[in-house]
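Heads up, the thing below is written out as structure tokens.
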Amino acid sequence: IDMISACIKADGSRKGVSLPTLKKYIATEYPDVKFQPHLLRGALKAGVEKEVLKQIKAHYKLSPTAKKAAEKKEKKEAKAAE
């Protein structure tokens, strides 16, 4: 789910990210990871069930609660770095 959320943040599309886009991003950003499509589908399904991701037709977005949690985490890391 971390790779998926990184892809969604990097893309910045309003509609979300499609499955082919996720596959391309993972293949380019994580070349040392052995890519297996069934694991990606399982992670997407688990993310939707845990309400970390939101599925809109064939696209996936971060849920509003996941966005807020990510922003809080980034603020804490920025404060710790200072």
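The values are calculated or read from the model by the stated rules, or taken from the named source; none is laboratory data. Owing to the predicted nature of the structure, the values given are computational and were not obtained by experimental measurement. Each accessible area value is taken on the protein alone, full model and side chains, heavy atoms only, with ligands, DNA and RNA left out. Shrake-Rupley method; radii C 1.70, N 1.55, O 1.52, S 1.80 Å.
Summary of computed values
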quantity: Descending Cα extents along the principal axes, the range 1-46, whole Å; calculated: 29, 22, 17
quantity: Per-residue [θ]222 nm for the chain (sum of -39500 (n - 2.57) over DSSP H runs n ≥ 4, rounded to 500); calculated: -20000 deg cm²/dmol
quantity: Rounded to 10°, Cα long-axis angle of helix 19-29 versus longest principal axis of the chain; calculated: 60
quantity: Net length gained if the chain between Lys9 and Lys57 were fully extended (0.36 nm per residue, minus Cα distance); calculated: 15.4 nm
quantity: Most fluctuating residue given options Val48, Val17, Val33, as computed from a GNM of the chain linking Cα atoms under 10 Å; calculated: Val33
quantity: Of all accessible heavy-atom area on the chain, the percent that carbon and sulfur account for (1.4 Å); calculated: 54
quantity: Residue-by-residue Karplus 3J(HN,Hα) for the range 47-52, coefficients 6.51, -1.76, 1.60, Hz, glycine and proline x; calculated: x, 5, 5, 7, 6, 8
quantity: Relative compactness, the chain, computed as alpha-carbon Rg over 2.2 N^0.38 Å; calculated: 1.14
quantity: Amide H within-cut-off set for Leu53, under 5 Å, with H built and near neighbours excluded; calculated: Val48, Ser63
